[in-house]
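**Q** Okay, handing you the structure first.
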């Protein structure tokens, strides 16, 4: 599914433990780390897609996590031009994502990265809250920043954790897009 603007609906999953550390997965065969994420199928709600992706990518079922919350709107990022496949239609220029914050309520032995025939991750580790901003691929950085900022109060009700890095400005990155009325912002 690609929307009329060229964005693929997607969910992102920020999975935390009791120590407020975040699950950080390494993509199979690459030195690229990210949060679990995946596309929303036509007959799914974002929440249903999130639970399906969680089981496919991490091996956890809904009863093994606690849903803490999600972002209030779609967050969008554009793919760099070299990653856009123009030979197949409809053309996807990026992803729009709803991000979910979950807390693990099971043992780590329940994690299973090869629950499907095509695993997404071959390694994982727990990281400090802001560390993903230093390691994620550059074109996803602003979306990660926005999701982490918006969802932080779910883990840190008394204030955001310190040492929040600023995203590097080495390459242009799309800001999260907010739908506005025809009259513009209020």
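Every read-out reported here was derived from the displayed coordinates using simple, explicitly stated rules and does not represent laboratory data. In this text the structure is predicted, and so the values were computed from the model without any measurement. Cβ sites come from the backbone with ideal geometry, for glycine too, and all protein chains shown count toward neighbours.
**Q** When the helix-only estimate is applied to the chain (DSSP H runs of n ≥ 4, each -39,500 (n - 2.57), divided by the residue count), what is the mean residue ellipticity at 222 nm, nearest 500 deg cm²/dmol?
**A** After summing the helix terms and dividing by residue count, I get -5000 deg cm²/dmol.
**Q** Extension gain residue 109-residue 47, at 0.36 nm per residue separation less the Cα-Cα distance, in nm?
**A** 19.9 nm
**Q** If the chain between residue 67 and residue 154 were fully stretched, how many nm would it gain, using 0.36 nm times the residue separation less the Cα-Cα distance?
**A** Extra length available between residue 67 and residue 154 comes to 30.3 nm.
**Q** Still on this model: Can you tell me the Rg and the Dmax, both Å, for the Cα atoms in the range 1-97?
**A** My reading of the Cα-based Rg and Dmax gives 14.6, 46 Å.
**Q** Rank the residues 92, 106, 70 as a footprinting-exposure proxy: fewest other Cβ atoms within 10 Å of their Cβ go first.
**A** In order of increasing Cβ crowding within 10 Å: 106, 92, 70.
**Q** Moving on. For the pair residue 122 and residue 82, what calculated FRET efficiency results from E = 1/(1 + (r/R0)^6), where r is the Cβ-Cβ distance and R0 = 25 Å, to the nearest 0.05?
**A** About 0.55, to the nearest 0.05.
**Q** Averaged across orientations, what area in nm² does the convex hull of the alpha carbons in the chain project?
**A** Computing the convex hull of the Cα atoms and averaging its projections yields 12.4 nm².
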